[in-house]
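The values are calculated or read from the model by the stated rules, or taken from the named source; none is laboratory data. This one's a predicted model, so the numbers in the text were calculated from it and none came from an experiment. For neighbour counting, all protein chains shown are included, and Cβ atoms are generated from backbone atoms with ideal geometry for every residue, glycine included.
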Amino acid sequence: MKAQNFIPNTYKKTISNGSFIWSSPSNIALVKYWGKKENQIPANPSISFTLDNCKTTTTLHFEKLDRATANYSFEVFLEGKVKADFKPKIETFFKRIEKYLPFLKDYHFIIETSNSFPHSSGIASSASGMSALSLCLMSIEKILNPDMSDQFFNKKASFLARLGSGSASRSIEGELIVWGKHKAIIDSSDIFGIKYPFDVHPNFSNYRDTILLVDKGEKQVSSTVGHNLMHGHAFAEQRFKQAHDNLDMLIGIFKSGDLKAFIKVIESEALTLHAMMMSSLPYFILMKPNTLQIINEIWTFRQATGLHVGFTLDAGANVHVLYPESESEIIDAFIKDSLAQYCQNNHFISDQVGLGAKQL
Ligand code: DP6
């Protein structure tokens with residue numbers, strides 16, 4: 001499927017006003033998206049667990065204007081308060097998607113959004129936020145074009161979300177989503193995420209992700225800046241190849257349920273992501289001393305107990321602790337007793353793999 005397939009024919013129906021509400025989850029990449037080409041095309045394929053508790057709920061009110069505006073007409077509220085600094089990002093998003101949703105200038109929109117996780121937690125809300133907004137916009141398009149199938153609805157929602165933020169393309173459905181072309185996954189695509197199509201061993205059911213909030217501050221490096229650092233990066237080509245190979249390995253691991261091998265891949269991915277930042281120009285260290293303390297504690301605990309606890313990282317200092325449901329009682333206690341002390345105000349968020357976005 002090509003981008004052109006998402007340009008609609010003339011709409012059969014009209015609607016003058018209304019509102020839609022969607023809640024959409026965050027996701028955690030196991031193979032990381034780091035580096036992109038023009039038009040939000042990823043430099044390598046990625047795969048993520050969709051989360052369950054960490055989500056954004058967005059209400060989109062829309063009212064048809066007497067005549068189309070030259071610019072986009074919208075207001076944004078976060079947790080009930082005007083959020084002017086979200087406007088430029090949404091305006092860029094609208095510009096990128098207007099070709100695919102030609103009704104955007106015909107309406108005035110009020111976007112009300114709230115997150116289930118605290119605003120300053122260092123958890124990026126762009127994946128959940130951009131996917132929730134894309135789904136609300138798709139609900140409008142579905143009224144204008146009622147013949148649209150559910151499958152097309154989800155594909156286009158992911159396609160639009162990608163244009164807002166790459167990782168948002170992986171937040172529409174669950175539980176495992178692949179975004180980016182990979183040779184072993186025939187339907188995989190650079191322009192939208194798809195559900196992982198192969199067998200997944202029950203070891204991965206309700207897989208846990210406890211997010212340790214090491215640093216709740218604003219991101220030091222925006223992801224857009226970060227992705228750009230991969231242009232001309234000395235190790236870029238090797239890294240992109242490694243992501244393909246790691247995804248290949250995960251296909252076997254998801255089938256067999258080999259958790260030791262799983263941990264090896266995801267921890268290597270996390271450390272490689274940070275190694276890319278440390279070896280780019282300019283270079284960055286986004287881990288904090290407590291990030292390393294936690295990693296060492298996890299390794300020591302794993303060695304001592306033989307339990308299957310591993311970690312991954314985003315482009316920040318927080319640590320995502322990943323482990324199977326069957327071992328969660330002991331590992332939850334370990335997190336509370338030994339890892340929480342490294343978090344800001346002992347703060348962590350318990351989450352697990354989820355099924356994707358929901359219309360409310
Ligand atoms: C490290 O999706 O936030 O979390 O497309 O520029 O909005 P933009 O980037 P974004 O990048 C996410 C990077 C990552 C890895 C990942 O989620 O795959």
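Residues in the range 230-261 that are in a loop (DSSP other than H, G, I, E, B) and in contact (Cβ under 8 Å) with a residue 60 or more places away in the chain: MET230, HIS231, HIS233. If only residues of the range 201-239 that are surrounded by 18 or more Cβ atoms within 10 Å (Cβ to Cβ) and of a type in the set (A, V, I, L, M, F, W, C) are counted, the one that is farthest from LEU286 (Cα to Cα) is PHE204.
Selection of the range 108-134 for residues being surrounded by fewer than 24 Cβ atoms within 10 Å (Cβ to Cβ) and in contact with a helix residue (DSSP H, G or I) (Cβ under 8 Å, 6 or more places away or on another chain) yields ILE111, THR113, ASN115, ALA124, SER126.
Looking at the range 237-268, which of its residues are within 21 Å of GLY180 (Cα to Cα), of a type in the set (Gly, Ala, Ser) and over 20 Å from the mean Cα position of the chain (by Cα)? Matches in the range 237-268: GLY252 only. Please verify whether SER134 is within 16 Å of the ligand (Cβ to nearest atom), among the small types (Gly, Ala, Ser), out of contact with any His (no Cβ under 8 Å at 6 or more places or on another chain) and at pLDDT 95 or above, treating the condition exactly as stated. Against the criterion (within 16 Å of the ligand (Cβ to nearest atom), among the small types (Gly, Ala, Ser), out of contact with any His (no Cβ under 8 Å at 6 or more places or on another chain) and at pLDDT 95 or above), SER134 qualifies.
Reported count of residues in the range 84-107, each being over 18 Å from SER158 (Cβ atoms) and among the basic types (Lys, Arg), is 4.
Taken as a whole, the range 196-210 holds at least one residue that is within 19 Å of the chain's Cα centre (by Cα), farther than 22 Å from ASN318 by Cα and part of a loop (DSSP other than H, G, I, E, B).
Do we find that SER158 is in contact (Cβ under 8 Å) with a residue 24 or more places away in the chain, assigned to a loop (DSSP other than H, G, I, E, B), crowded, with 21+ Cβ neighbours inside 10 Å and not charged (D, E, K, R) in this structure? So SER158 fails the test. Among the residues making up the range 197-224, those that are within 16 Å of the ligand (Cβ to nearest atom) and over 23 Å from VAL309 (Cα atoms) are GLU218, LYS219, GLN220, VAL221, SER222, SER223, THR224. Number of residues in the range 1-36 that are in contact with a Lys or Arg (Cβ under 7 Å, 6 or more places away or on another chain) and either within 16 Å of the ligand (Cβ to nearest atom) or among the acidic types (Asp, Glu) (or both) equals 4.
The residues in the range 6-62 that are over 11 Å from the mean Cα position of the chain (by Cα) and closer than 28 Å to LEU144 by Cα can be counted, and the count is 27.
Among the residues of the range 341-358, is any within 25 Å of the chain's Cα centre (by Cα), assigned to a helix (DSSP H, G or I) and among the aliphatic types (A, V, I, L, M)? So far as the range 341-358 goes, no, none of its residues is within 25 Å of the chain's Cα centre (by Cα), assigned to a helix (DSSP H, G or I) and among the aliphatic types (A, V, I, L, M). On the basis of being within 14 Å of the ligand (Cβ to nearest atom) and surrounded by fewer than 19 Cβ atoms within 10 Å (Cβ to Cβ), does ASN39 make the cut? Yes; evaluated as a whole, the condition is true for this residue.
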